[in-house]
Structure formats: structure tokens, C-alpha cells
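The values are calculated or read from the model by the stated rules, or taken from the named source; none is laboratory data. No experiment lies behind these values; they were computed from the predicted model shown. Virtual Cβ from ideal backbone geometry, glycine too; neighbours counted across all protein chains shown.
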Amino acid sequence: MLRKRVGCVFRRGNQFTVYPRSQTTTKAPSETCDNVILNVRQEIMLFSPILRKLVNESNGTYLSLQKAAEAARNSDNHVELLKLSRQYRSIVRVCIESLQEAAELASDATQKNNLLSYITIFYSIECIWHLCEILFIDNIPGDVVLPYLLEWVRFHFPCHEQTAAQLLEACERGSESHAEYWDTVTGMIVQGRVDVARALLKLHSAVDSNEFKLMDNSLRSMPVYSVYGGISTGEFTISWKHWQAECRSKLASRALAAHPHLELILRLIIGDYSAFESIRDKYDSWFDLLGGWVLFTAPWAKRHELASAAAACAGMRHRNPRHTALDDMVRALTEGDLHQVIHDIQQMSDSGWLAAHLTDMLFHCGKLNILDSHQNNVTHVLRESLILEYGSLLMEHKSLWTVGLSYLASCPPEGLQRAELLLERLPVPSEAKAMRVIAEAKKYGLVGVVAGYCVSYPHANITLRFIKSKPVEKWHTKPSKVLCKDYTSKTSSTTQSAAATAPPQQTTRPTRKKATPTISAAAAVRVGNRTANASPALTSRKTTLSEDGRQTPIATPPTTPSTPITAITNNLDNVPNEKPNNNEKWTTVSRRKRKPSIAAIQGSAQNTTIKGVDVHKHLHGCFFKKSTKPEDVIEHLRGIHAEGQYTAELIASKRDTYASFKIGIPTSIFDKFTTAEAWPVNISISEWLPFLSKPKDTTSTTTENDTHSQK
């Protein structure tokens, strides 16, 4: 509960603010409260610098998966889906290695503990994803899962592997003196690495004894099942049971009683449960024994038969029993309970990364259809809800919002609607950020967001040049009121004071002497003869006749600060003239219809006495070498088309490492110079915009006539 004189308000994203507030309930003097504002937010693990790389790389794989799934509707694309699943695992593996390197270099204890906890989380993620890939994504030949299960155990639980490598590299007789020699031999047996175990036994000093020869012969004759081995499952089962019967007879004869370690190995290979239980304390989890238990009890086991093997291994006694969430998830996977698996991975502290991506992968592989047995379209709704939640989370970050937008856009129509709402509430501290938001909104067809930014941002005239392809009258979505409010709060104090002091009936303002090069936010609402709804925070739009007879848009103060402007019309016929307020010294602005004028015509007569001038259009060229001169540019233009009058004007560049030019080209041949083949490599050419920088030096302008005179 909040104390008195303390307020709380929710902010954007998973955060809220606690602040002091005044609360006068009695005449008694109130207690003082510190003027401190506390921003409380949930710590998002994925927003750390190291894990942001994981977010960006996995986003590329996610988008590739959507394309592959779209292509797989008409054909089987299983190989591509398996490839993308392994790509996900490789991304997680690289992330774990980066976290390990950072943990070794960390000097702060808190930071190091956080990195170690991240390593544990993503280690579990990699383990779960790999097992899901084996059981549900990969098409295993014959559905015999043992070779893949052994690979999973060896990869994620490499117990005694380093010790075995050291002993084999030394290759010394009498290696049994090593403290972990027998544990290493037993570990290789449990992992199914029988050849490595035999090589280690040959390093024993008593390798020439009958007991060791008997043990080596039993391991060497162990049958191994292979789908491509040429024998059926029934034939292999017979040979396997015959081999185990021989091993049981050797154990019953007490031939290895003098060597208890060899006797333990013999008990393990015949699948003795008590033998596996006796070595359980030497391992941290029962996962280490799962592959060996399946190998020596049912090597022909299929996927649906793993549940009993997992239950047997999980039930083995341990002196320090520990139950983790990873145990439950592995048990649920072996039982095929994907509903429980998805529920468990949602509880992980990875900010929903695994739940969103693994569910999406299983959905496209068609493995979530079992959840639809009682309800319709459950899997589709489940997948979309997880992806939308993950994408909305990424939208809170200042640099990952574009990644989150791609996730939301992949789940139409709800995802696009959510993206539109979140984009409207995105902080826009600069014009560059606004242009980036507009570009992303156009990319996904969010025309309502584009219209809102064009209305509310002061440089809307720049933006409108790039959205001409979509008529304004088709943008039905209302613009962002939050952004409009942010803009109006930054307007000049003079405009605010004029709006506050203007009478309710006053709708005119002083006549402009000179039009400014940038159009105001209110004037940017109209483009040509097209209109759009204006923001409530903006003023209405009027026109006045300038000295050259053209209508110039001007902004008039609102009737009241809270009065919304609902529409702007181009119909000037029914608008009456307005009376000026002499006290305010405002001038009269009359709205009158312009007299019709004759439309321009293009001459076609061949007259030798007078000739017309070829109008120039301009290009903006940048990234020229610093030593490039205007006459060099004109010489290049004449090399492409010898006829025509050209101009080249050196303009100021943002950096001093290159030169930029304003290039004038006749309109008749303008298209010849707007292709990539007309310009050298690394030079950027775009159409000249009137708001670009002024010339760097008035003396640096060169025309074609100047070039001829210099020559």
C-alpha cells in the first residue's frame, strides 16, 4: 500500500512512477515529503548489451522461418525447418559462450552473479530446444531415437570427457592410479562410448589378465542397432537378448568377483537397475543416466517409449535429491505433453524468448495439432499470443523496437493494430527518430501512424514528399494525440500567448511579409487538393493572397485552447469575410475565390527568331572525392550526353571527408542521369530537395559555359 502524500502512476511499458503529492485533509500542518520521483520498472534480461545480439540474430532466423513456412504450404519443407531449428541452437550456443567470457572478465560480484544466472538459464534453453528438435522436429529414420538421445546426453552432460581425453593422450600403463580412472570408465559406458571405455581398460596394468580379456570380449561383441544395418528390429532383438544372456551367465559364474569395478560394468551392460542406482550419486542429474539406461534395456526404443525410461531414471535414489524446473520439462517432453512444456517454459526468466520461438517452430512443424483435440484453433491463438507478448516487450526498448515491430507485423490483424498503438506512444526525441518511425510504419502499411506523424511533426513537408504514393483521403486512422501534444508543448511562447489572448470570434492574424521555407505543422495537413483530419492540438488553416497572386497557407489561432479542429475544407465560396479587431491590431483576411486563369500550353511551332529555354532540374550528388571540382562533374555529364547546358554547384557537406554538389540538368535529358550506370561506384545521387544545405561558396558554381571558357 502507498503511504499518504505519495502518488503512483503507470508509465509506458512494465514500469510505474512513485512521486510526492499534496493532500490537505485537515488544518493541521502536514508532514514534509522529499521531492523525489522514483521510476520502478521490471528488469528485462534481454535488454542487457550481450543478450541484445541474441535478440537481433534470432529475429533474422524467425523471419526466415516465416518465409519457409509460407513456402512449405505447397510442398514438404522439412529440411529447411530443421536447418532453421539448428540455427536457433547455434545462436543460443554463441550467446552462452559470450556470457562465459564476460563472466570471466567481470570484476563486480553482482554483475558476475547475474551473468552466471544468465548462463544457467540459456544452458537450460539450449538443452530443452535440442531435445524438442530430436523428438518433434527431426524426422528420425525408423523412429529409433537412441543414437540421437546419446548425442544429446554427450553434448549437454559431458561428464568425465576431459579426464578420458587426458588419460588417452598420456597413454601410460597403470593409469588406474588416477583418482578418477574407474569413474571415467563407468561414465563412458553409461554414455554409450564403448570404444573409449575399451581403450581406457587397456591402460590398466592388469590388462593381460583373464578378467580383463573377458570384459573386453563382452564389450567388443555387443550388437549395435542401425536402421541401415540390413537387419530387422526382430532379428536385432534376438541377437541382443542372446548377448545379454551370455553376460548374465558370466556374472552368475562369479568370474569377475576379484575385480568389483569390472563386475559393476558387467551389471550395467545387462541393464541392472540396482547397478545404475549405485552410481546415481556420482552425477548431478538423472539426465546423465538416461541414454545409458535406454541403451542397455531397450536400444530399439521409439519416441513414445522414452516416458518409461525417463520415469525409471528420475526415480533412482540420490543422497541429495534436488528437483528443478528442467526435470519437469524433460519429463514432459519424453511423455509428449507439449501443453505442459509450453506452460513450463513460460515460467522461465528469459523474458519469453524461448516460449515465443519454440512454440512458433513447433507450430510450423505441425506438432501442436494435438492441442486442438477438444477446441478449435487453439494452437494458432496460443502461438500468436506468445509472439505478440514478446514483440510488445521489445517495443519498450529504445533500439529494439524495430525488432519487436517485425514480430507484431507477422501476426495480422491483431499484431498490426497493436503495433499502431505502440508506435503512436513511442518517444520521438528527434527528427531522425520520427523519420525512422515513419519508414517502419510505411514498411508494414501502417498508414494511420504515418498520417499522425506527418500532422504532428514540424517538418511534415519533408515527410510528405516520401508518402505521395498513398492519397491522404484514404488514411482513415486518426493521428497520434500524444505526439501532437508533445509537439505543441515545444512551440514558441509567442504562439501560445497569441492563442490565449485571441477573442473567441477572432479568426485572423497579421499578414505575413515573407513565406518561410518550412511549412508549419497545421499547413502540412493539406497536400494539394487533398485534406486530412487535423490534430486537436493544432490550429486551423487559412489562406491569404500574396503579392504574386498565389494563395499562401497561414495558421490562425484556435477559438479556445481546448477546441478541436475536426476538418479542413478547400471550399472557399461560402466563407464570409471577417471583421478585423482594431484593438488587437489584426488585419482583415478575406477569403475569395481566385479568378479562373488560362491553363499553360506547350508551344510546338518552329520559329527561328525566338527560342525557348530548356528548364533545368537538379540532382543532389554526394560522396564525391574531396578533390573533385564542379568542372569535373560537368565534364562527366558531357561525356554521357554532349548536348545540353549543365551546372554544378558545390554545397556544404555534413562531413569534410567528401564533397557534395547541386547538379543542374535539362529536363529533356534528366532521366538519363537518374540511373546507377550513369555514375561511378560509391557516389550517391538523389533528386534535389529545396530544404537542403545552401551552397558552400558562391564562387564555386560552375556552368558549362565556364568550363568551355576555362578550356
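For the reader, a short list of remarks on this structure follows.
- Of all residue pairs spaced 6 or more apart or on separate chains, those with beta-carbon atoms under 7 Å, a first member in the stretch 204-222 that is assigned by TED's automatic domain parsing to the domain that holds Ala170 and buried (at least 16 other Cβ atoms within 10 Å of the Cβ) and a second member that is assigned to a helix (DSSP H, G or I) and among the acidic types (Asp, Glu) are His204/Glu176.
- Which listed residue, of Leu150, Leu99, is free of Cβ contacts under 8 Å to residues at least 60 places away in the same chain and outside any loop (DSSP other than H, G, I, E, B): Leu99
- Every pair of residues 6+ apart whose Cβ atoms lie under 8 Å, when the first sits in the stretch 424-452 and is of a type outside the set (S, T, N, Q) while the second is at pLDDT 90 or above and assigned to a loop (DSSP other than H, G, I, E, B): Leu426/Met395
- Check on Asp272, under 21 Å from Leu146 (Cα atoms) and without any contact (Cβ under 8 Å) to a residue 60 or more places away in the chain: yes
- Tally of residues being part of a loop (DSSP other than H, G, I, E, B) and touching a helix residue (DSSP H, G or I) at 6+ places or on another chain (Cβ under 8 Å) across the stretch 630-642: 1
- Test: residue in the stretch 259-279 that is modelled with pLDDT of 90 or more, more than 30 Å from Ala206 (Cα to Cα) and not in a loop (DSSP other than H, G, I, E, B): no
- Filter result (among the basic types (Lys, Arg) and either touching a Gly at 6+ places or on another chain (Cβ under 9 Å) or not in a loop (DSSP other than H, G, I, E, B) (or both)) within the stretch 54-96: Lys67, Lys83, Arg86, Arg89, Arg93
- Tally of residues being closer than 16 Å to Glu133 by Cα and in contact (Cβ under 8 Å) with a residue 40 or more places away in the chain across the stretch 327-343: 8
- Those strands (runs of 3 or more DSSP E) of the stretch 646-711 in which 3 or more residues are of a type in the set (Asp, Glu) and modelled with pLDDT under 75 are absent.
- Test: Ser48 is more than 24 Å from Ala409 (Cα to Cα), polar (S, T, N, Q) and in contact (Cβ under 8 Å) with a residue 60 or more places away in the chain: yes
- Residue among Asn139, Asn113 that alone is at pLDDT below 95 and not in a helix (DSSP H, G or I): Asn139
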